[in-house]
Each structure stands twice: as structure tokens, then as C-alpha cells.
Amino acid sequence: MLGIATVALAALLVPFPGSLSVVVTRALATATAGAPGIDLISEVGLVVLAVATLAALVLARRLWPRRLAPAVAASVGVVVAYGVSELLKDVFSQTRPCARWTFAGECPPAGDWSFPSNHATLAFGAVLVIVIATPRRWAAWAVVALAVVVAVGRVAQGVHYVHDVAAGALLGLAIPAAFGLVLGWWGVSRRQCAVPSSGGKGG
């Protein structure tokens, strides 16, 4: 069953003519072509997420200090995820949708590849850091919604396919999560081991 599900998912997302990724991308980008501010949605959203990430780290330091180490480690993971995303772009060298079809907006130059989406990687990486840094559920849901807006905005702009932003989101969640779990909690454990025991024999 897992194999069948994998094949079905690949059939939907792999960018061949008629796949769900290609059909949805073209339909959305065509529907939003020329819409005012469509090229700013993802940029503004990413800036807001960056500010929210910084604020979450500051709050974690003041209010939830045990969350700070894994959150900082996850932040390092976001940088690594971005680097991996850039590497994968050169590996796959996938042309952007706007180079395949003509939309109203500007298209990045040839050589600026599509897969995966750096914006989605950074947006969902920010989500992961904020979720680790703060226990507030409303904040988590708010930044998830904003990250989705960033990803959808890139598709609506015609500069990414659906599978580009899906892969970017996966990178942005998986790599920072691994850093947060392994390096963050390891750092906490080291500090706990370094604290001398308060027990001992009285004199």
C-alpha cells in the first residue's frame, strides 16, 4: 500500500504534462496574472516571519529558557536547509513555470532554477523555529498560515510549481527539526550534567 501511495503521489506532483502540480500551477498563475502586489505577497510574508522568529527567540530567552537551545539550533538548521535548497537547484536545474508559459509578471533570468523553493524553505523553517521557541498555539497556527501564504504566493506569481514549494516546505521543516532535536537537546543535557549535584554528605 505504501508503494502504491508513493507512486500515486509522484504521479500527482512530478512535473510532467497533465500532473496535478503543473495543472494547478498554470491555472493559479494565469488567474492571478497582473494582480496588483502579487509579487510582494511572498516577500512581505517572509519579512514578517523573520521578525516573528527573532521575537520568538527573544521571548524564549526571557520566558521559556529551556526552549532556547533547541530553537537556536533549529535556526542554524534553517541556514543549512537554505544551503541544501540552493544545492538542489543546481542538481535538478528545473526551468521556472514563467519561462515555460508567459505570465504578466517578471520572470527570474535563465539559470535561476525553480526546484526547490527557497522562499518555502525559509518560511517553513521559520515556522519550525517559532513552534520550538514558544508554547503558544495561536502563534504556531498564525505562522503556519503565513508560511502557506508565502508558498502559495510564489506559485501564484508563476515562479514556482506546486511541487517546488512542497519540497521547499519539507526541507524547511525536516532539517531544522533534526538540528533542534539533536543539537538543541544535546546542549541542554551537557549543561545539566555540568551542574554539580546539591546532594552530598554533611560535615
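Based on this model, can you work out whether P116 counts as more than 16 Å from the chain's Cα centre (by Cα) and outside any helix (DSSP H, G or I)?
So P116 fails the test.
(1) part of a loop (DSSP other than H, G, I, E, B); (2) without any contact (Cβ under 8 Å) to a residue 40 or more places away in the chain: which one isn't true of C107, the others all being true?
Single failed check for C107: (2).
Here are the criteria: (1) more than 20 Å from the chain's Cα centre (by Cα); (2) not in a helix (DSSP H, G or I). Tell me which single one D39 does not satisfy.
(1)
Would you pick out the residues in the range 163-177 that are in contact with a helix residue (DSSP H, G or I) (Cβ under 7 Å, 6 or more places away or on another chain) and either of a type in the set (A, V, I, L, M, F, W, C) or surrounded by fewer than 23 Cβ atoms within 10 Å (Cβ to Cβ) (or both)?
V165, A166, A169, L171, L173, I175, A177, listed by residue number.
Out of A147, A151, A142, I need the residue that is among the small types (G, A, S), at pLDDT 95 or above and out of contact with any helix residue (DSSP H, G or I) (no Cβ under 6 Å at 6 or more places or on another chain). Which one?
That would be A142, the only listed residue that is among the small types (G, A, S), at pLDDT 95 or above and out of contact with any helix residue (DSSP H, G or I) (no Cβ under 6 Å at 6 or more places or on another chain).
Could you count how many residues in the range 108-131 are in contact with a Ser or Thr (Cβ under 9 Å, 6 or more places away or on another chain) and either modelled with pLDDT under 95 or closer than 19 Å to S93 by Cβ (or both)?
12
Any residue that is in contact (Cβ under 8 Å) with a residue 40 or more places away in the chain and surrounded by fewer than 14 Cβ atoms within 10 Å (Cβ to Cβ) - is there at least one of those in the range 87-101?
So far as the range 87-101 goes, no, none of its residues is in contact (Cβ under 8 Å) with a residue 40 or more places away in the chain and surrounded by fewer than 14 Cβ atoms within 10 Å (Cβ to Cβ).
Kindly check whether there is at least one residue in the range 108-119 that is farther than 15 Å from Q157 by Cα, of a type in the set (S, T, Y), in contact with a Gly (Cβ under 6 Å, 6 or more places away or on another chain) and surrounded by 18 or more Cβ atoms within 10 Å (Cβ to Cβ).
No; the residues of the range 108-119 include none that is farther than 15 Å from Q157 by Cα, of a type in the set (S, T, Y), in contact with a Gly (Cβ under 6 Å, 6 or more places away or on another chain) and surrounded by 18 or more Cβ atoms within 10 Å (Cβ to Cβ).
Go through (1) at pLDDT 90 or above; (2) farther than 19 Å from P116 by Cα; (3) not polar (S, T, N, Q) for G34 and report which single condition fails.
With respect to (1) at pLDDT 90 or above; (2) farther than 19 Å from P116 by Cα; (3) not polar (S, T, N, Q), G34 is out only on (1).
For the range 40-57, give me the residue count where each residue is surrounded by fewer than 18 Cβ atoms within 10 Å (Cβ to Cβ) and either in contact with a helix residue (DSSP H, G or I) (Cβ under 6 Å, 6 or more places away or on another chain) or of a type in the set (G, A, S) (or both).
2
Look at V182 and say whether it is modelled with pLDDT of 95 or more and within 20 Å of the chain's Cα centre (by Cα).
For V182, the condition - modelled with pLDDT of 95 or more and within 20 Å of the chain's Cα centre (by Cα) - is not met.
The values are calculated or read from the model by the stated rules, or taken from the named source; none is laboratory data. Quick caveat: nothing in here was measured; it's all calculated off a predicted structure. Neighbour counts run over all protein chains shown; Cβ positions are idealised from the backbone, glycine included.
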